[in-house]
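Reading through the structure tokens given below for one structure.
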């Protein structure tokens, strides 16, 4: 199969944004909890706002390549098992074990109830929710692929718009009332992204980059500004949600921008096959860095202008290296 180097490049960019998101998230949370809106808070929040499109971009790319296929149910479910279920089981066990070891090393007791609750809620660690959501998307994919040939493109666009609107209202409802649904239903909110990824693949009308790039940048700036307001007055970060209007606008703009680039093979596109592994591995690297800093009391690295770039660089390249090693080992290759 001929690789789409532009989308492969975007896949790597989105992965970089995810690593940056989780690198800065800790420092933004400190400011939120202490209500200390100092320079560190503003720096971490501003960077974080520009990374919120990352997970939506993953879903958009999945829609581009998984929808519109003609294949058997057996092949569809084989993909579900190999690409989602096996990695999900492996990394869930690994991260739960890591959390237990960290609790023991810190002299804390093991909370079995909390572990079971995290599994029931589909979030044994903060990034694995994405795989729990993917379970639903992969399960519904054969039904969507069966239906697509029987629905006009115009109708599909209308359905996609309706699904985005549903996702926006559902995100707002969840933010206001704290409604939590079973993780197998999480995929419903992301169907708009999923179908848009499929539809944009054959959309050939060019949109000016002078529209797309400012739209992405303005969306991220507004996410940052509005989030400060919601943090101060409502103690939440609603505008950071994956299904909020500004994040949707930013993600779609960035996807269309890269789709139109027609890039040749480059360093980013060459490592695209390792991005899922980087996504799965990088929180463990961040845990290790934070644990080492706490253990050695490295107070000299409290300046966020130093620590954020340093932690991000170490985390990304160590995760990349581990993912590459995994890719060369037959058994471990299955989990990335």
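The values are calculated or read from the model by the stated rules, or taken from the named source; none is laboratory data. None of the values given here were measured: they were computed from a predicted structure. All Cβ positions, glycine included, derive from the backbone under ideal geometry; neighbour counts span all protein chains shown.
In table form, for the structure just shown:
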{"read-out": "The lone exception for residue 109 - which of (1) surrounded by fewer than 16 Cβ atoms within 10 Å (Cβ to Cβ); (2) touching a helix residue (DSSP H, G or I) at 6+ places or on another chain (Cβ under 9 Å); (3) not in a loop (DSSP other than H, G, I, E, B) it fails", "value": "(3)"}
{"read-out": "Residue in region 28-43 that is assigned to a helix (DSSP H, G or I), free of Cβ contacts under 8 Å to residues at least 60 places away in the same chain and farther than 23 Å from residue 229 by Cα present", "value": "no"}
{"read-out": "Residue within region 81-102 that is surrounded by fewer than 18 Cβ atoms within 10 Å (Cβ to Cβ) and farther than 26 Å from residue 284 by Cα present", "value": "no"}
{"read-out": "Output for region 305-330, where each listed residue is more than 14 Å from residue 289 (Cβ to Cβ), touching a residue at least 12 places away in the same chain (Cβ under 8 Å) and surrounded by 13 or more Cβ atoms within 10 Å (Cβ to Cβ)", "value": "320, 323, 324, 326, 327"}
{"read-out": "Flag for residue 41 being at negative phi, surrounded by 14 or more Cβ atoms within 10 Å (Cβ to Cβ) and modelled with pLDDT of 90 or more", "value": "no"}
{"read-out": "Region 226-237 residues that are under 14 Å from residue 30 (Cα atoms), paired with ones that are at pLDDT below 80 and crowded, with 17+ Cβ neighbours inside 10 Å (beta carbon under 8 Å, 6 or more apart)", "value": "236/175"}
{"read-out": "Number of the exception - residue 46 against (1) more than 12 Å from residue 254 (Cα to Cα); (2) assigned to a loop (DSSP other than H, G, I, E, B); (3) within 22 Å of the chain's Cα centre (by Cα)", "value": "(2)"}
{"read-out": "Region 260-278 - residue that is touching a helix residue (DSSP H, G or I) at 6+ places or on another chain (Cβ under 6 Å) and part of a helix (DSSP H, G or I) and, of those, nearest to residue 336 (Cα to Cα)", "value": "277"}
{"read-out": "Top-ranked residue of region 284-331 - restricted to ones that are in a helix (DSSP H, G or I), more than 19 Å from residue 17 (Cα to Cα) and modelled with pLDDT of 95 or more, ranked as farthest from the chain's Cα centre (by Cα)", "value": "325"}
{"read-out": "Selection from region 280-304 of residues that are surrounded by fewer than 15 Cβ atoms within 10 Å (Cβ to Cβ) and in contact with a helix residue (DSSP H, G or I) (Cβ under 6 Å, 6 or more places away or on another chain)", "value": "301"}
{"read-out": "Residue within region 237-247 that is under 20 Å from the mean Cα position of the chain (by Cα), at pLDDT 95 or above, over 28 Å from residue 36 (Cα atoms) and surrounded by 21 or more Cβ atoms within 10 Å (Cβ to Cβ) present", "value": "no"}
{"read-out": "Out of 180, 154, sole residue that is over 29 Å from residue 333 (Cα atoms), out of contact with any helix residue (DSSP H, G or I) (no Cβ under 7 Å at 6 or more places or on another chain) and not in a helix (DSSP H, G or I)", "value": "180"}
{"read-out": "Among the residues listed as 128, 67, 73, 94, the single one being modelled with pLDDT of 85 or more, within 25 Å of residue 198 (Cβ to Cβ) and under 20 Å from the mean Cα position of the chain (by Cα)", "value": "67"}
{"read-out": "Matching option when the condition is in contact (Cβ under 8 Å) with a residue 60 or more places away in the chain, touching a helix residue (DSSP H, G or I) at 6+ places or on another chain (Cβ under 9 Å) and assigned to a helix (DSSP H, G or I), among 15, 70", "value": "15"}
{"read-out": "Residue in region 49-60 that is exposed (fewer than 12 other Cβ atoms within 10 Å of the Cβ) and in contact with a helix residue (DSSP H, G or I) (Cβ under 7 Å, 6 or more places away or on another chain) present", "value": "no"}
{"read-out": "Residue tally, condition farther than 17 Å from residue 60 by Cα, surrounded by fewer than 19 Cβ atoms within 10 Å (Cβ to Cβ) and within 19 Å of the chain's Cα centre (by Cα), over region 156-171", "value": "1"}
